[in-house]
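These notes are about the structure you will find just below.
The values are calculated or read from the model by the stated rules, or taken from the named source; none is laboratory data. Worth saying up front: this structure is predicted, and the values here are computed from it rather than measured. Note that each Cβ is placed from the backbone with ideal geometry, even for glycine, and that neighbours are counted across all protein chains shown. What goes into the accessible areas is simple: the full protein's heavy atoms, side chains included, and nothing from ligands, DNA or RNA. Shrake-Rupley method; radii C 1.70, N 1.55, O 1.52, S 1.80 Å.
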Amino acid sequence: MSQPYGIATGPDGRLYVVDTYGGVIHVYNIGKSDYSSIKVNAQSLIGIAFIGSRIVLTDSEADRVFAIDAKGKELWSLGRRQGFERPTGLVASKDRLYVVDTLRHKVVVLSAEGAVVDTFGSRGDRLGQFNFPTNIARSADGRLFVTDTMNFRVQVFDPTGQPLRAFGRLGDGSGDFEKPKGIALDSAGHIYVVEGLHDVVQIFDDVGRLLLAFGGSGIGDGQLWLPSGIAIANDVVFVADSSNRRVQMFEYLGESR
């Protein structure tokens, strides 16, 4: 890996990691220590999500969102003509894709076939507005969680894009943000937010109270260096440890253990 960012688990149970530069998706069958890769035509891969068997990717420098099949064949592509300026994070439901457009300060909603269905957000610091958002996650009940990066907070929306609440503030203390990036939820509904500048992952409850943080700056096991993306599958937490050129795995043990 040169600079891993987006992470997703596929319907085949494999782990898919996009490398920001080089147009490569790394594919790992972790249980069998098996590796393969998919080469795509891209300048700066950031986000990855699955909708059915389709792989959807964001190419931020090319202002493009596109879908491919498992062999890398392009199925559809959207770009500047559809209004995208810097697509970054994305997440999928059964029939919708939610794409963060960082420079437009919006979330764009797409159909599985790549048609623009809706948008929400505008630039500002009020509830429902964004200032260079980057990443997005979705809970089991359909709520959307967006890292509103330069407002130094996480915003929560209902499935229709109506704002519900926000948490976080600028600072270098516990629970504060300076460069929030990747975001994901575990089976208990805890919210995991990658803090890129401080090399930690902070865990919050459903109302935004800090529960725990892990990581710390370094190159050793469990340490991070400019982390970015995150994904959680079966309560295994995968963190893109970007400048260490690796993905690290952590396990949520649960409150009962």
Considering region 120-137 alone, what residues qualify as being in a strand (DSSP E or B), surrounded by 17 or more Cβ atoms within 10 Å (Cβ to Cβ) and not small (Gly, Ala, Ser)? 120, 130, 135, 136
Hits in region 1-56 (condition: modelled with pLDDT of 95 or more, among the hydroxyl-bearing types (Ser, Thr, Tyr) and touching a Gly at 6+ places or on another chain (Cβ under 8 Å)): 5, 16
How do the pairs read when you match residues in region 57-85 that are closer than 25 Å to residue 27 by Cβ and of a type in the set (Phe, Trp, Tyr) with residues anywhere that are open to solvent by 70 Å² or more (accessible area, probe 1.4 Å) and not in a strand (DSSP E or B), using Cβ under 7 Å and keeping only pairs 6 or more apart or on different chains? 76/113
Does region 246-256 contain at least one residue that is within 11 Å of residue 192 (Cβ to Cβ) and either assigned to a loop (DSSP other than H, G, I, E, B) or open to solvent by 20 Å² or more (accessible area, probe 1.4 Å) (or both)? yes
Have a look at 182, 220 and point out the one that is at negative phi, at pLDDT 95 or above, open to solvent by 20 Å² or more (accessible area, probe 1.4 Å) and small (Gly, Ala, Ser). 220
Considering only residues that are open to solvent by 40 Å² or more (accessible area, probe 1.4 Å) and aliphatic (A, V, I, L, M), look in region 152-179 and name the one that is nearest to residue 209 (Cα to Cα). 166
Test: residue 21 is open to solvent by 20 Å² or more (accessible area, probe 1.4 Å), aromatic (Phe, Trp, Tyr), free of Cβ contacts under 8 Å to residues at least 12 places away in the same chain and at negative phi: no
Hits in region 78-118 - residues which are open to solvent by 50 Å² or more (accessible area, probe 1.4 Å), assigned to a strand (DSSP E or B) and of a type outside the set (D, E, K, R): 116, 117
Scan region 190-203 and tell me whether some residue there is within 29 Å of residue 3 (Cβ to Cβ) and in contact (Cβ under 8 Å) with a residue 60 or more places away in the chain. yes
Residue hits (region 181-202; closer than 16 Å to residue 138 by Cα and either touching an Asp or Glu at 6+ places or on another chain (Cβ under 9 Å) or among the β-branched types (Val, Ile, Thr) (or both)) are 181, 183, 186, 187, 188, 189, 190, 191, 192, 193, 194
Neighbours by Cβ (under 9 Å, 6+ apart or cross-chain): first from region 229-249, among the charged types (D, E, K, R); second assigned to a loop (DSSP other than H, G, I, E, B) and open to solvent by less than 40 Å² (accessible area, probe 1.4 Å): 235/186; 235/254; 241/199; 241/227; 241/228
Condition first: of a type in the set (S, T, N, Q), in a strand (DSSP E or B) and open to solvent by 30 Å² or more (accessible area, probe 1.4 Å). Can you find one or more residues in region 34-48 that meet it? yes
The lone condition residue 213 fails out of (1) in a loop (DSSP other than H, G, I, E, B); (2) open to solvent by 40 Å² or more (accessible area, probe 1.4 Å) is (1)
Qualifying position, being part of a loop (DSSP other than H, G, I, E, B), open to solvent by 30 Å² or more (accessible area, probe 1.4 Å) and of a type in the set (Gly, Ala, Ser), among 31, 13: 13
